[in-house]
Structure formats: structure tokens, C-alpha cells
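**Q** Structure below; questions to follow.
The values are calculated or read from the model by the stated rules, or taken from the named source; none is laboratory data. Since this is a predicted model, take the numbers as computed values, not measurements. Neighbour counts are summed over all protein chains in view; Cβ atoms, including those assigned to glycine, are modelled from backbone coordinates with ideal geometry.
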Amino acid sequence: MLLIPAIDLRNGRCVRLLQGRFDKETVYSEDPEGTARRWRQAGARLLHVVDLDAAAGKTPGNGDVVARIIRAAGIPVQVGGGLRDAENIRRLLARGAERAILGTAACDAKFLSAVCREHPQRILVGIDALEGRVAVQGWTRRTEISAVELARRAEDCGAAGIIFTDIRRDGTRGGPNLAATRLLAEAVSIPVIASGGVGSLEHLRSLLSLEEVGVVGVICGQALYSGAIDFVEALAVLEGERKEPPCRHA
């Protein structure tokens, strides 16, 4: 199972939000490129980058910063935040992002199908859920679409995988929502990456039970930046204690 460090960008800085709230921000670094290099040197094989300004509809976003992170990282980078038109997705992938993550735009099945056809195996769908319902526009609006419904739609449209975040758990370090993550993973056959709530090595161990249903990675942010989890130790938990190889690959 992959351990994927998160780099969330706001005003050009690395930050973490509590439950997606912009008024609950903690700044962890003024050097996003250095942060990317740090995770690579620690052994990360994939980075998760989100442009929070773009996700909230603010322009300009952090596109230039994202491009510098991609160049500095030296490992694959998946990027999300404000990707709501085909040209922005093309530009991001041309800049070297391994995969583009669609959130709000993924609710439009016609658009999602089109970009998945144009960029096969390079489009991920970020499903951010609040009490089982999908939240969009930087988590500021909750829809009536269920997380499982959108997951199935994403698979039908040709998405390469899903990133599932329980908003209530995000940034809390209170533990991932194992039941909701399992329910979603069992509903589709494409890979799922878990996100939100990881705060201890025991939380990571609990996620290993979901490998059998196609959960292939976990995104971790605040716990890594605060020091609650040591990256090298966490990597050993996910890669050293795994009993069987994942049944699917991200």
C-alpha cells in the first residue's frame, strides 16, 4: 500500500486545513519545492498536491508553484484543485503531472467521460464526502449525490481510480472512516486511495485490511507534518507488514 504525502497549497505556502475550513489553517512550510524534495528523499513514491485556492474558485491559483513542485519532486505527482475545464487539465498534464484529480467537474458525466477518453489512465476522481454525500467547490457545497453513486459513475466514465476523503475526519487525526471507505471500494473495481483522519501508525495498520477490496494507497498530511507519524516508520508499516500484495494497482 502506498503512503502518499499531501502538499496542500494556499497563497504559495504548504498548509493544512481542519475539515476543509479555510479559517482553520496551519502553515507548515514556505518552501513547497523543498517539501517535495524532502518527501522524495524520505522514500515517497508518489505525491498528492492540491491547489486550495483554485479549488475555492480563486484566481490566479498556484499553478506556477505546482509546476515547480513537479519539476523538483523527481517522483510522480498527482494534482487536484479547480480542474473544471479541459484546457486546464491539458496544461497540467503537459507540465508533467502524472495524473489530474477531478472533483467538482467529475459530477458532469459527459465532461468526465470526454477527459478520460482524451487522457486514458491519467484522470482520478476525488470524492469528498460529508455524511455520505459528495461535497464540491472546495468543500463549500454539499450535493445530493452519494459517494458510492459518484464512484460507480467515475468507473463507468473510465476514471483510472478514486481518492476518497471523509471530510469530517480530514485534519482531525481521529482515524480514517474504514466502513465508508470499504463500502465505496467494494462498489467499484477501479483502485481507491483513502484520505482523511490518519493520525497514528495504528490507523495505517487498520487500513491494510482494505487492500483486499482494492484500497491501494493512503494520503497523509497533518500527522506527517506535525511529527505525530514518522514517515519512515509509516512506510515500514505499509510496505513491511503487508501480508499479501495489493490486488489492484493505482
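**Q** Within the stretch 46-56, does at least one residue satisfy the condition of being in a loop (DSSP other than H, G, I, E, B), without any contact (Cβ under 8 Å) to a residue 40 or more places away in the chain and surrounded by fewer than 20 Cβ atoms within 10 Å (Cβ to Cβ)? Full working, then the answer.
**A** We begin by selecting, within the stretch 46-56, every residue in a loop (DSSP other than H, G, I, E, B); these are 46, 56.
If we keep only those that are without any contact (Cβ under 8 Å) to a residue 40 or more places away in the chain too, we end up with none.
No, that holds for no residue.
**Q** In the stretch 180-214, which residues are closer than 19 Å to Arg169 by Cα and either among the acidic types (Asp, Glu) or outside any helix (DSSP H, G or I) (or both)?
**A** Once the filter is applied, which keeps residues that are closer than 19 Å to Arg169 by Cα and either among the acidic types (Asp, Glu) or outside any helix (DSSP H, G or I) (or both), the stretch 180-214 yields Val192, Ile193, Ala194, Ser195, Gly196, Gly197, Val198, Gly199, Ser200, Glu202.
**Q** For the stretch 64-96, which positions are assigned to a helix (DSSP H, G or I) and more than 17 Å from the chain's Cα centre (by Cα)? Walk me through it before giving the result.
**A** Initially, the stretch 64-96 is screened for residues assigned to a helix (DSSP H, G or I), giving 64-73, 86-94.
If the condition is that a residue be assigned to a helix (DSSP H, G or I) and more than 17 Å from the chain's Cα centre (by Cα), then Asp64, Val65, Ala67, Arg68, Arg71, Ala72, Ala86, Glu87, Asn88, Arg90, Arg91, Ala94 are the ones that fit.
**Q** Given (1) farther than 27 Å from Ser226 by Cα; (2) of a type in the set (Phe, Trp, Tyr); (3) at pLDDT below 95, where does Tyr28 come up short, assuming only one miss?
**A** (1)
**Q** Right, something else. Against the condition acidic (Asp, Glu) and either part of a helix (DSSP H, G or I) or on the phi > 0 side of the Ramachandran plot (or both), how does Asp170 come out, does it pass? Walk me through how you get there before you give the answer.
**A** On the way: acidic (Asp, Glu): yes; either part of a helix (DSSP H, G or I) or on the phi > 0 side of the Ramachandran plot (or both): no.
The answer is no for Asp170.
**Q** Quick one: which residue in Arg84, Arg142 is modelled with pLDDT under 95, over 18 Å from Ala6 (Cα atoms), crowded, with 16+ Cβ neighbours inside 10 Å and touching a Ser or Thr at 6+ places or on another chain (Cβ under 7 Å)?
**A** Numbers: Arg142 fails: touching a Ser or Thr at 6+ places or on another chain (Cβ under 7 Å).
Arg84 is the lone residue from the list that is modelled with pLDDT under 95, over 18 Å from Ala6 (Cα atoms), crowded, with 16+ Cβ neighbours inside 10 Å and touching a Ser or Thr at 6+ places or on another chain (Cβ under 7 Å).
**Q** Please go through the stretch 113-150 and give me each residue that is part of a helix (DSSP H, G or I) and either hydroxyl-bearing (Ser, Thr, Tyr) or under 19 Å from Ile193 (Cα atoms) (or both), ordered by number.
**A** Kept after step one, since they are part of a helix (DSSP H, G or I), are these residues of the stretch 113-150: 113-118, 147-150.
The answer is Ser113, Cys116, Ala147, Val148, Glu149, Leu150.
**Q** Next question. Which condition does Gly96 not pass, out of (1) over 9 Å from Ala159 (Cα atoms); (2) out of contact with any helix residue (DSSP H, G or I) (no Cβ under 6 Å at 6 or more places or on another chain); (3) surrounded by fewer than 18 Cβ atoms within 10 Å (Cβ to Cβ), if it passes all the others?
**A** The single condition Gly96 does not satisfy is (2).
**Q** Let me ask something else about it. If Asp85 satisfies every condition in (1) among the acidic types (Asp, Glu); (2) in contact (Cβ under 8 Å) with a residue 60 or more places away in the chain; (3) in contact with a helix residue (DSSP H, G or I) (Cβ under 8 Å, 6 or more places away or on another chain) but one, which is the exception?
**A** (2) is the only condition that Asp85 fails.
**Q** Scan the stretch 60-96 for residues that are small (Gly, Ala, Ser) and within 15 Å of Val125 (Cα to Cα) and report the count.
**A** Step one: list which residues in the stretch 60-96 are small (Gly, Ala, Ser), which gives 61, 63, 67, 72-74, 80-82, 86, 94, 96.
Next, only the ones that are within 15 Å of Val125 (Cα to Cα) stay: 80-82, 86.
The qualifying residues number 4.
**Q** Looking only at residues that are within 21 Å of Pro176 (Cβ to Cβ), of a type outside the set (D, E, K, R) and without any contact (Cβ under 8 Å) to a residue 40 or more places away in the chain in the stretch 109-136, which one is surrounded by the most Cβ atoms within 10 Å (Cβ to Cβ)?
**A** The initial filter retains those residues of the stretch 109-136 that are within 21 Å of Pro176 (Cβ to Cβ), namely 124-135.
From what's left, of a type outside the set (D, E, K, R): 124-127, 129-130, 132, 134-135.
If we keep only those that are without any contact (Cβ under 8 Å) to a residue 40 or more places away in the chain too, we end up with 125, 130, 134.
Working: Val125: 26, Leu130: 18, Val134: 24.
The selected residue is Val125.
**Q** Thr181 passes all but one of (1) surrounded by fewer than 22 Cβ atoms within 10 Å (Cβ to Cβ); (2) at pLDDT 95 or above; (3) among the polar types (S, T, N, Q); which number fails?
**A** Every condition holds for Thr181 apart from (1).
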